[in-house]
Each structure stands twice: as C-alpha cells, then as structure tokens.
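A short worksheet on the structure shown next.
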Amino acid sequence: MPLNDVLLRRSQPAMPSSVLNTNGVEGAINRIFVRWPDINPEAREEDHEKILGQLFDIITKEAWQDVKTSFVISGFNVAFLERYENRSDVRIITDFAFNELRATTKPSVVNALMRIYTSTFSLGSENTEKLAEILRFKTELLGQKWKRLLSEFPDFLVPQQAPETIADFMLVSENPWFSLRQAGLYDPFASGVMDYAHEAYVSKLAPDLKNLDNIEQLFEWLTPEPGKIKTTGNVIVVESLINHWLNETPPESLRQYITEKLTLLYDDPRIRPERWNSVAQKYKDVIFSWLTKEDLRYFTSVVTSTTNEKMWAARRDFWLKLYNDDMIDQAWVAFSPRAERYARQNFSSGRSDLGETRFARQTGRQGTETSLLFLRIGNKIFVDGCHNFKTHVWTMSDPAAPRLFKSWYSCDSDIMRKSMVSKSHNHIPSWQSWVMEKIYATVPKSTYAPVNWDDPSRSFSSRSMEQRNPATDGQFEPALVRRSFGNRSNQNVEAAYSPTPRAHGSQLAQVSQSEPIHHSRPTLESFDIDNNSMVAEVNKLASVFSENDYRSFNLRSSIRRVQKGQTLNTSNKKEFENLFTESVISAEDYPNLSRFLKPIFKETSGHGALTLWQPIIDELVNAANQNRISISPNAKAALIKIKEGEQNLTRTDINAFENFLQNLRANKVSIDQFL
C-alpha cells in the first residue's frame, strides 16, 4: 500500500468552522527557523545504511504497519544525498519518493521534499531535476517559509536558473547574508543550492575584485557577523581574488588586507595545506610569496617598535633586501609574549584578532624579550633573533635543523643548543658577508640530538584548543568555550527561548513575566548620538592621512562604513579609538564620534549596572520589537538573567548585552530615554 494511502486513512482533526488567524503561529515558526537554521533531521552517518535498508524493505514488501512519517522523511533525507544517487537499491527509495510527492496532499511530505531539494541541490543531478519538476505543481501545499522564498525567487524551482537568480539578488543587497535570511533562506551558508549561489555570486564579483569596495563586499558576505564564517567554497574565493595579481603587484596595504583575511578564513596554507589542496598551484604560489613578506613585515615592524638595538635597522634592511632580490623562499616568526601582544594590537585590520596560526610563540628564557625569525634560503635554514641573539644556520637536510611553521620554539633548547654554526651582529658588514657566504657554503651537520618536531604539542591543532587571555601577558589558558567552524552541526544550541506571539506580528515577547524590582536611577552622561553629526565628523577625517600610509588604509575602510551607514566591527572602532588615545583628535572636536566609541552597559558598571538596567528590560525589548531589530540568542539569555536579577554575568552575557544596546543605538533608538 502506498504511503499516501496510509496517511489518508489516519484520523484527521475536525476542521474549524472559521479560518483562524495564524499570523502569531507563523511568526513563532519563523523565529524558530531564524534561531536554529542548522537543525536538520538527517540521521547520523553511521545509521545511514541501517535506515536505507529498513526503508527499502518496507517499500518492497509494502510493510507499512506502524511506520511513522518521521521515519520515512528521515529515510528520504539519506536517500537523496549525492553519494547514494547511483545505487540501484537507493533508486527504489527515491522513485518511491517521487511517486509519493506526485500523489500526496500532505503538506508535511511536500515541505520535507522541498527542504531536501534545497539542501541536496546539484546542477546536472537527475534527482534535483525531478524534485523541481514535481514541486512546481505542489506549491500550494508549501508552508509560509517556502512561499515567501518562492515569492522572492520565482525561479527557485528551475535548477538551471536558481543559483544565478539568488546571486543577482545578493549583488544588489547591502548585506547579502541578512537579506537572504529575510527572504526565507534562514541558513545562507547551508550546502546545496547555496553552494552554487555562492559560486555564481563570487564569479559575478570577480572582474571587479581589484577594487577595495568590492573586496570588502566579498569578505562581508564570508564573515557577516562574529561567529558566522563561510568556510566552504574557498577555491573560487581565493582564485578570484588572486587572479588579478598573477602578473602584477598589488598595493602594499591591499596585499596585507587580502592576506590577513584569507588566512583568517581558511588558515595558513603552509600550516593547514589540506584546506588549500584544491586551489591551483599558481594561486598558492602568490599566497606563499605574500605570506613570506607578511612574516618579514611582522617581525621587522614589531622588533623595530619594541627594541632599541643600535644595529637592528641595518639587519632589518639586509633581510628585506634579500627578500626583494627573491632570495628568501619562506619565512616564519616566533614572538615573545610582549611582542605577540604588540603584534595583535597593531597589525590586525580584519573583523577579528589575528588568527592563532599567524605566528608561533618563543617560550625559552623565562621573561625574555627574544623573538625569532626563521628563513629558508635555498637549502639553508637561518634563524635570527633580537636582543643580542646570534644568527644560526643549518642545512635543511640536517636532522637538528629547526622546522618552520610549528606553534612554539625555545630559543635555548631548540636553537642555541642545536646549532654548530652561528654569528653575532657586532660588526654588521662582517655579519652580512658571513650570511651571504653561508647561503652557498657547505654547513657541517649538527652533532646534537634533533628535536622531536612531530610532538603533537608543536602542532597548531593542539594550540587551537587554547584561548588567548590578553590579561595574562600574552600567555594562553584552556578555553572555557570552544567553537568549531568546521562542522556546523556541532554548534551549541541553547535552551529554547519562549516568545509570546503578539497581535502586530512576529515580534519577540517580553523576556520574563516577573515584576521588576524598581530602583532609583543615577544621573548618567548622554549615550545618544546625532548620526548626521557623526557622519559629518567622520568626513573631516578622510583627508587626515596620506594615501600611502598603512593605517590610513584601514582608517579609510572604517570611514567608508560610517559613510554608508554600515555597522562598525571591533577593528573599525579600534581605528577611531587610536586617534583619540594618540591625541590626534579630541572629544571636544568630535563629540558624537567620541560618545559612539564608548560602551553603554560597561560604562554604567560604577552605577550598579544590574539594578540600573533590570527595571527597563521590557522597555528595551519592546523597542527592539517595534523597530524590527533582531536579538541574538546570547543577548536573549543575558536579558533573561538581568531581568531575573542574576548577579554573576559571564563575559559572553556582558558582551551580548552590550552589543544589543549598541545595536539599538545604531538603529536610532534613544538609550537616554530609558535612563
């Protein structure tokens, strides 16, 4: 007996005599999809064969007694995966699904197969074509989510056109990720049709990816908000960006920006080559060259800023000349704690901190300021260091030679005590001649026992399980919360937040029904800003620095975001904050910009912050609802804690609530009115 007949025999609830208003329910459903777009009933991989076997037996033996619809849908989820498409036993299941889709009047079955079409979409796939063809005749049974999607993308069920249509929509969207979510694609980074839309979108951007605005637009799509990173589809991103620079050199600031962004997204290809395996070698060669230059820049810039060595300038110029003469094949850096802090504070121009794999740590000599520069020149490995550290050299084939791209090194046990050939910098001309000689000379192998460079503690996979604490002098501590971008299904899903539907649509309910405890409120300085005045203030900064200044490049990027009315990330704000801290500009001349950079919740910490905000949580939530401002899951959790008088807020709670307040203000909601 076909599944459809079984379903039709089951008892149905009586239809109401009048049509109910379902706006509130649909709004709640939409909020669930927005909050948990990754939830997918697909079974665990180890259960796939068992599910396929059971469903195959049920279909071929027509043994439908006690079979639940949820199990059948789970089987469809597995059967339509691309890796099973050519199996004859699985074809029995997919053919059955096609027949059921044609015959069914059950919205649950149609909606499930619409989701399967979206998530398993593959151009040229027979399954994709058949699903699309049948679904085009079943749209009246689709839920509100899918109907809204089809309203925005009428060609969504035309496989050859769907990715291009979505890509065109993304091109004209100021923020493609958020716009796609509003259009009904609640997880724009999901697999399937969005993989193809991503490729189409990047292909359309590619001809203009020499332009900074377009490059920023691409990276804003790839990292739309903290914690959201598109880690797939990297090949077309890398090749489209680098293609413009195969035969010419980009401006220094642009090269730095692209290099930092790509390594933040996809890791350093010298350390995690598996993530770059599909990128053509000619593009990787450009990246390798840029990374070598970046490592030299990091080392020379940090040492220049953190040491007073008289001979350092001459050594720096010598190494840079060797790079410019194409003699340096690879470079790597191991920073002391103080130097690492300086690098992270001064050399990040992206959305977040410099990636953990951008350089290693130097752990030897307790309390030392020594940082190390590793260079591969021909078949030699040179290690230079600051603070009177000698230059050491090995032949690459020497078992005692240090390996590049490890996560930490000891300048004592790994370098000094393993080296047979070294030279001090007391006389620069003599030192330079020595380096040039050793590049071509035969260097005796070390007689010391080699270091175990394959020790797991040396790998960055081990280091990635630690979290930097800026307050601990550049050291590392175990992470309390570990986040993986590699497997989206493993992301933490918080306990459900229970919104109450409202008459005016799908808006967030009050956080708690408990009565707030009222307290007198202290008098605070204004937190509100005049957006037009702030833009005018920022416009005055546009010509402060010259076009060729590195910081000017990053500052101009931040200025552009203000001029476009876009949200500023931490890095953007840091650019403006530096101008105030370095007394380049003053709060008197730039009052709105100064006020904008100050925190809101954190600024009230000296005024009994929790008792100050607790009575007005409902008002803040209502303001967010009325202005259609989304509230993140972390912010919702923080709002609940503050409303209930929780005194021990975590750092995540504090940051989430601060971001919530900043988001209100960015959407022109007055904070002062509540205080």
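Which members of segment 62-118 meet the condition of being open to solvent by 10 Å² or more (accessible area, probe 1.4 Å), part of a helix (DSSP H, G or I), closer than 24 Å to residue 156 by Cβ and β-branched (Val, Ile, Thr)?
The answer is 73, 118.
Given the conditions (1) under 22 Å from residue 218 (Cβ atoms); (2) among the polar types (S, T, N, Q); (3) part of a helix (DSSP H, G or I), which single one is not true for residue 301?
The number of the failed condition is (1).
Hey, can you tell me all the residues within segment 165-184 that are of a type in the set (A, V, I, L, M) and open to solvent by 10 Å² or more (accessible area, probe 1.4 Å)?
171, 172, listed by residue number.
Within segment 635-660, count every residue that is within 12 Å of residue 601 (Cα to Cα), surrounded by fewer than 21 Cβ atoms within 10 Å (Cβ to Cβ) and touching a residue at least 40 places away in the same chain (Cβ under 8 Å).
2
Looking only at segment 95-135, which residues are of a type in the set (Val, Ile, Thr), closer than 16 Å to residue 163 by Cα and free of Cβ contacts under 8 Å to residues at least 40 places away in the same chain?
Selection gives 128 alone.
Among the strands (runs of 3 or more DSSP E) lying completely within segment 372-426, list those that include at least 3 residues that are touching a Ser or Thr at 6+ places or on another chain (Cβ under 7 Å) and within 22 Å of residue 312 (Cα to Cα).
Those strands (runs of 3 or more DSSP E) span 380-385.
Picking from 197, 162, which residue would you name as being of a type in the set (Gly, Ala, Ser), within 19 Å of residue 115 (Cα to Cα), in contact with a Phe, Trp or Tyr (Cβ under 8 Å, 6 or more places away or on another chain) and buried (at least 20 other Cβ atoms within 10 Å of the Cβ)?
Criteria check complete, one pass: 162.
State whether the residues of segment 306-318 include one that is of a type in the set (Lys, Arg), touching a helix residue (DSSP H, G or I) at 6+ places or on another chain (Cβ under 9 Å) and at negative phi.
yes
Say whether the condition of being of a type in the set (Ser, Thr, Tyr) and open to solvent by 20 Å² or more (accessible area, probe 1.4 Å) is met by at least one residue in segment 378-394.
Within segment 378-394, none of the residues are of a type in the set (Ser, Thr, Tyr) and open to solvent by 20 Å² or more (accessible area, probe 1.4 Å).
Here are some residues: 142, 135. Which one is at pLDDT 95 or above and open to solvent by less than 30 Å² (accessible area, probe 1.4 Å)?
Selected residue: 135, the only one of 142, 135 that is at pLDDT 95 or above and open to solvent by less than 30 Å² (accessible area, probe 1.4 Å).
Could you check segment 205-256 and list, in sequence order, the residues that are more than 21 Å from residue 297 (Cβ to Cβ), basic (Lys, Arg) and buried (at least 18 other Cβ atoms within 10 Å of the Cβ)?
Answer for segment 205-256, where residues must be more than 21 Å from residue 297 (Cβ to Cβ), basic (Lys, Arg) and buried (at least 18 other Cβ atoms within 10 Å of the Cβ): just 230.
Looking only at segment 427-462, which residues are modelled with pLDDT of 90 or more, in a helix (DSSP H, G or I), open to solvent by 60 Å² or more (accessible area, probe 1.4 Å) and of a type outside the set (Gly, Ala, Ser)?
Scanning segment 427-462 gives 429, 436, 437, 440.
Among (1) under 23 Å from the mean Cα position of the chain (by Cα); (2) at pLDDT below 90; (3) among the hydroxyl-bearing types (Ser, Thr, Tyr); (4) not in a helix (DSSP H, G or I), there is one condition residue 249 misses while meeting the rest; what is its number?
The number of the failed condition is (1).
Within segment 98-128, which residues are under 16 Å from residue 141 (Cα atoms) and among the aliphatic types (A, V, I, L, M)?
101, 103, 109, 110, 112, 113, 114, 116
Among the helices (runs of 4 or more DSSP H) contained in segment 160-236, which hold 1 or more residues that are hydroxyl-bearing (Ser, Thr, Tyr) and in contact with a helix residue (DSSP H, G or I) (Cβ under 9 Å, 6 or more places away or on another chain)?
By residue number, 162-171, 176-183, 193-205.
The values are calculated or read from the model by the stated rules, or taken from the named source; none is laboratory data. Since the structure is predicted, the reported quantities are computational estimates derived from the model, not experimental observations. Backbone-built Cβ (ideal geometry, glycine too); neighbour counts: all protein chains shown. Ligands, DNA and RNA are excluded from the accessible area calculation, which covers all protein heavy atoms including side chains. Shrake-Rupley method; radii C 1.70, N 1.55, O 1.52, S 1.80 Å.
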